[in-house]
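**Q** Below is one structure. I have some questions about it.
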Amino acid sequence: MKFRLVQGGKFVRDMPFPYLLLLLGIVGIGLYALHLFIQDIGKGLICGGVLLGVVCLIHFRRKDFHFIFLASEHPWQVFFMDYLLLSFPILILEIMQGFWFISVGIIVGCLAISFLKQPFHRNVKGFPVPGIIPHNAFEIRANIRRYGGWLMLLYASAYAGLFFPYASLACLWFYTIFFLASFGDCESIAILNVSEKPAGAFLRNKIGLNLRLYLITIVPVCLFYTLIRPGDWWLALGFLVLASLNVALFIVAKYAVYEPNKRDANTQISLGLSVFSILVPFLAPLPLLLLTRYYIKAHRNLNSYLYAYH
Amino acid sequence: MLIINNLHVSYKKEKEVLKGLSLSMETGKVHGLAGFNGAGKTTLLNTIYQFITQQAGEIFYKEEPLKRKDIAYLEAENYFYPYMTGREYLSLFPTANKTFDMEGWQQLFSLPLDEIIDNYSTGMRKKLALLAVLKPDKPVMILDEPFNGLDLESTHLLAMIIAQLQSKGKTILITSHIYESLTGCCDYIHYLSDGVIPHSYPKEEFPLLQKELQSVIEQQSGQLIKGLL
């Protein structure tokens with residue numbers, strides 16, 4: 001418990017003040033919305049059930065499970081404390097509404113989950129990748145294997161949503177977010193060197209290939225959308241342009257901070273804002289500005305790895 | 001010949017790692033690089049691969065400046081992109097000669113190429129990285145700790161592969177912490193000490209090198225071990 005509080009304190013201290021305010025605002029709004037939602041026992045139970053489902057998911061996916069299991073004498077205590085801390089705001093909300101028994105149920109549920117074990121050897125399989133995606137688009141192939149289910153669901157929803165105003169574009173926005181996750185990890189130096197091209201040519205090839213594959217999936221939906229709602233042609237066109245800029249931006253942002261084998265390279269908040277620029281009109285110039293800035297940085301950074309191919 | 005002339009390499013604000021290193025390596029031979037931890041083996045390999053820029057010195061291959069395009073480099077630590085299969089990884093690397101038989105190699109190394117690499121064992125990862133190095137068929141091969149993580153059978157297979165590559169005229173530079181694996185497959189061993197190569201040993205002088213290494217270790221640590229135990 002003390003360790004987690006120290007970790008939490010460090011997280012808060014390290015976060016810039018405006019982002020902390022933003023985070024507190026988002027959490028506050030979320031909790032207030034939950035407070036309004038939990039008005040009767042049925043909704044209280046739904047909330048408790050969803051929370052336990054989330055805790056269960058976290059428990060079976062957490063990467064430190066085996067470390068805690070081996071390092072701690074009573075690992076269930078560590079897990080239980082984590083889940084209790086996570087559930088704390090909802091426990092309070094349930095008690096405030098007089099549903100103390102649901103809170104007790106959540107605590108018992110967290111305790112039970114803490115005793116469940118993860119298998120030691122788990123074979124990762126992943127979603128099947130369509131053969132039409134070339135092997136050199138390895139980021140997209142790996143991403144489909146990881147998030148293929150979500151991508152398929154959102155892509156199908158984008159077609160289903162053609163019959164409702166804006167629904168299609170909203171689904172495509174979420175689809176784009178999952179697509180952009182392709183460019184989160186840095187490849188090894190062996191893969192980087194495969195093309196044997198200098199930095200500029202490498203970046204242009206990379207952007208061209210990935211953008212082409214993205215547009216192949218997204219243009220048909222936008223075309224159908226324009227055919228069904230001709231008055232909204234500018235919306236579909238704006239979406240296409242901004243989403244494409246974001247794809248290019250995420251690629252160059254990865255190489256701007258590229259280090260061989262680095263994980264989670266694209267975590268900057270500016271990139272998050274750029275994705276929102278598709279929805280918020282006054283943020284529209286942001287992707288273009290960031291793209292220019294990161295392209296220069298990526299070119300400079302890649303030069304130190306690919307200078308031998310000049 | 002692969003010739004290194006007066007190579008000086010230092011990292012930012014730190015002391016010099018390679019201090020005017022010079023070395024001549026006969027082409028079509030297997031060269032071992034021996035030295036204690038921190039002697040600069042990986043720095044030398046990274047400089048040959050042009051991963052690190054030297055402050056001074058030149059590297060020539062067949063009387064022309066060595067190009068990265070001529071080198072295949074197997075790193076000591078092998079990382080792979082997450083959620084990628086072995087077959088996908090190998091298909092990224094171009095084949096110089098059309099005879100690269102992926103299925104044959106898969107059979108030889110018993111690699112589950114259609115599985116995600118995240119599920120591979122350390123030895124399987126090493127073998128996959130080795131295949132990626134072999135596929136482009138480069139004339140110069142740098143193998144940094146290629147025997148790490150390999151089981152007995154694969155170690156023997158690797159020694160056989162190295163011998164076959166040598167017979168095809170490849171110039172191979174190998175490092176290994178296991179002395180026997182170097183003596184087993186190398187024609188020359190170059191001893192790296194304090195940023196220079198004071199002496200290179202041909203096959204018939206390997207026992208001499210072993211004696212020298214042992215005497216250095218005994219000098220450095222003998223008294224300390226006696227004090228500790």
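The values are calculated or read from the model by the stated rules, or taken from the named source; none is laboratory data. Computed from a predicted structure; not experimentally measured. Here Cβ is always computed from backbone atoms with ideal geometry, including for glycine, and neighbour counts include all displayed protein chains.
**Q** So which of B:ALA72, B:ALA56 is at pLDDT 85 or above and buried (at least 19 other Cβ atoms within 10 Å of the Cβ)?
**A** B:ALA72
**Q** With respect to the numbered conditions (1) over 18 Å from A:GLY109 (Cα atoms); (2) exposed (fewer than 15 other Cβ atoms within 10 Å of the Cβ); (3) among the β-branched types (Val, Ile, Thr), which one is the sole condition not fulfilled by A:ILE68?
**A** (2)
**Q** Restricting attention to region A:180-210, which residues are in a helix (DSSP H, G or I) and within 15 Å of the chain's Cα centre (by Cα)?
**A** Across region A:180-210, the qualifying residues are A:LEU180, A:ALA181, A:SER182, A:PHE183, A:GLY184.
**Q** Hey, another quick one. Determine which member of the set A:LEU242, A:LEU283, A:LEU223, A:LEU289 is away from chain B (no Cβ under 14 Å) and in contact with a Leu (Cβ under 7 Å, 6 or more places away or on another chain).
**A** Result of the check over A:LEU242, A:LEU283, A:LEU223, A:LEU289: A:LEU283.
**Q** Look at A:ALA112 and say whether it is in a helix (DSSP H, G or I), more than 14 Å from every other protein chain (Cβ to nearest Cβ), closer than 30 Å to A:LEU45 by Cβ and modelled with pLDDT of 90 or more.
**A** yes
**Q** Right, something else. Of (1) assigned to a strand (DSSP E or B); (2) more than 12 Å from every other protein chain (Cβ to nearest Cβ); (3) in contact with a helix residue (DSSP H, G or I) (Cβ under 6 Å, 6 or more places away or on another chain); (4) under 26 Å from B:CYS185 (Cβ atoms), B:TRP105 satisfies all except one. Which?
**A** That leaves (1) as the condition not met.
**Q** Of the residues A:ASN301, A:ASN205, only one is closer than 30 Å to B:LEU134 by Cα, away from every other protein chain (no Cβ under 14 Å) and modelled with pLDDT of 90 or more; which?
**A** The match here is A:ASN301.
**Q** Considering region A:262-298 alone, what residues qualify as being buried (at least 18 other Cβ atoms within 10 Å of the Cβ) and either small (Gly, Ala, Ser) or modelled with pLDDT of 80 or more (or both)?
**A** A:ALA265, A:SER274, A:SER277, A:LEU286, A:PRO287, A:LEU290, A:LEU291, A:TYR294, A:TYR295, A:ALA298
**Q** Now, a different point. Only one residue in B:GLU75, B:GLU58, B:GLU14, B:GLU64 is of a type in the set (Asp, Glu) and in contact (Cβ under 8 Å) with a residue 60 or more places away in the chain. Which one?
**A** B:GLU75
**Q** Taking the criterion of being in a helix (DSSP H, G or I), β-branched (Val, Ile, Thr) and modelled with pLDDT of 90 or more, would at least one residue in region B:79-92 satisfy it?
**A** no
Rundown of residues vs (1) basic (Lys, Arg); (2) within 14 Å of chain B (Cβ to nearest Cβ); (3) outside any helix (DSSP H, G or I); (4) on the phi > 0 side of the Ramachandran plot, yes/no style:
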site	(1), (2), (3), (4)
A:PRO128	no, yes, yes, no
A:ASN136	no, yes, yes, no
A:LEU154	no, no, no, no
A:ALA160	no, no, no, no
A:PHE178	no, yes, no, no
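**Q** From the list B:LEU229, B:LEU143, B:LEU157, B:LEU152, which residue is closer than 28 Å to B:GLU64 by Cα and of a type in the set (A, V, I, L, M)?
**A** None of the other options fit; the residue is B:LEU143.
**Q** I would also like to ask the following. Just one of the numbered conditions (1) polar (S, T, N, Q); (2) within 26 Å of A:LYS254 (Cβ to Cβ); (3) free of Cβ contacts under 8 Å to residues at least 40 places away in the same chain is not true of A:THR176; which one?
**A** (3)
**Q** Given the condition surrounded by fewer than 18 Cβ atoms within 10 Å (Cβ to Cβ), touching a residue at least 24 places away in the same chain (Cβ under 8 Å) and assigned to a strand (DSSP E or B), answer yes or no: does some residue in region B:28-51 qualify?
**A** no
**Q** A follow-up question, please. Please find, within region A:1-16, the residue that is modelled with the highest pLDDT out of those that are surrounded by fewer than 10 Cβ atoms within 10 Å (Cβ to Cβ) and among the basic types (Lys, Arg).
**A** Filtering region A:1-16 for residues that are surrounded by fewer than 10 Cβ atoms within 10 Å (Cβ to Cβ) and among the basic types (Lys, Arg), the one modelled with the highest pLDDT comes out as A:ARG13.
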